[in-house]
1. Express as a percent, rounded to the nearest 5, the fraction of DSSP beta bridges in the stretch 40-213 (both residues included) that run antiparallel.
2. If we count other beta carbons within 10 Å of each Cβ, what is the order of Lys181, Lys213, fewest first?
3. Using only helices, what value at 222 nm comes out for the chain when you add -39,500 (n - 2.57) per DSSP H run of length 4 or more and divide by the total residues, to the nearest 500 deg cm²/dmol?
4. Counting Lys +1, Arg +1, Asp -1, Glu -1, what net charge surrounds Gln151 among other residues with beta carbon under 13 Å of its beta carbon?
5. Among Val110, Pro96, Phe123, whose Cα sits farthest toward the positive end of the charge dipole of the stretch 63-174 (+1 at Cβ of Lys/Arg, -1 at Cβ of Asp/Glu, about the Cα centre)?
6. Provide the per-residue ³J(HN,Hα) series for the stretch 158-166, in order, calculated from phi with Karplus coefficients 6.51, -1.76, 1.60 and θ = phi - 60°, each as a whole number of Hz, with x at glycine and proline positions.
7. Of [x] 12.8; [y] 10.9; [z] 11.8, which is the value of mean projected area of the Cα convex hull in nm² derived from the coordinates here?
8. Pairs to check: Lys67/Lys120; Lys67/Lys181; Lys181/Lys213; Lys66/Lys120; Lys66/Lys194; Lys50/Lys116. Give those whose C-alpha atoms are more than 26 Å from each other in this structure.
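Read-outs throughout are calculated quantities, based only on the coordinates presented, and are distinct from any laboratory measurement. Bear in mind the structure is a predicted one, so any value in this text is a computation, not a measurement. With ideal geometry, Cβ positions are generated from the backbone for all residues, glycine too; neighbour counts draw on all protein chains shown.
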Amino acid sequence: MRIRYRRSLTGQWYDFLGLPIRALFMGPVGYFGLTSMRDERMGRAAQFCKGRVLDIGCGPGNLFIKKFIGTDRGIGIDVYRYEGVEHIVESMTDLPFGDASFDTVSLIAVGGHIPKSLRKQEFEEFARVLRPGGQLVMTEGEPITQYLAHQWQYFYCSMRGTVDMDHERGMREDEQYCMPKAELLSYLNTPPLKHVLTHAFQWHLNFIHVAQKITPANPD
C-alpha cells in the first residue's frame, strides 16, 4: 500500500522554494516551517514502502523506521554502531533473515556507501530477502551536487563544532558519496529485480528508484 506524503501542497511549495536554505543551513532538523532535506527524503520514500520493511544502513536513531514506517512493521540495520541502532550486522552480503522475509527493502541515501567490490553481492542479498512482488525502494542524489553537499556539510558542521554522520563513520576507499545512476539502474534491472519507477524531487537533484522482485514465469 502506498501512503500519502505527509505534507500539505502549500508546505511542499514552501519546501521547494526554500531548498537552498534547507540544503545549506538547516542540517537534519527543520525549522521556520521548513522540512529538513533528510525528513523530506524519508517521507517521500515512505510513500513507496508496503508491508514489512527492512531499512538498510538505517543510520543514527533508526529514524526512517521509527518516524515513517513504525517499529511494528519494520526493522533498521547498519554495519556501524551509530547511537540508537539496535540491530548491527557484520556484512550486508549475509543478512540474518530468511528468504522472502520482507515486502520492502529500503536504502535511503546509502547507495554510494556500499563498497564497489561488494555491490553486486549486496543487491543479490537484498533481492533474496524480498518476497515475490516485493519492492526495493532506493533514494540517490545527483553525483556532482551530492559531492558538493557532503563537503559543505563537513565544513558547516566543523564551524558549529559538530560532526556529520558520514564523517563520523568515515569513508572507505571503495565508497562514493553517490552511486552513479547507470550503475544503480544496472543492479535494479538484474533478475529477479526489475526497475519500475523513478521519481524526481528536490529540484530534480534527488531521486527515488523502485524495483520489483519478479518471479520467473512457470514454463508449464
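1. Numbers: 15 of 30 bridges.
Just about 50 percent of them are antiparallel.
2. Numbers: Lys181 16, Lys213 22.
The order, fewest Cβ neighbours first, is Lys181, Lys213.
3. Details: 6 runs with 61 residues, N = 220.
For the chain, the value works out to -8000 deg cm²/dmol.
4. Values: positive: none; negative: Asp164, Asp166.
Surrounding charge for Gln151 is -2.
5. So the residue furthest toward the plus end is Val110.
6. 4, 5, 8, x, 10, 10, 6, 5, 5
7. Checking each listed value against the structure points to [x].
8. On the way: Lys67/Lys120 30 Å; Lys67/Lys181 28 Å; Lys181/Lys213 20 Å; Lys66/Lys120 29 Å; Lys66/Lys194 28 Å; Lys50/Lys116 29 Å.
Checking Cα-Cα distances, Lys67/Lys120; Lys67/Lys181; Lys66/Lys120; Lys66/Lys194; Lys50/Lys116 exceed 26 Å.
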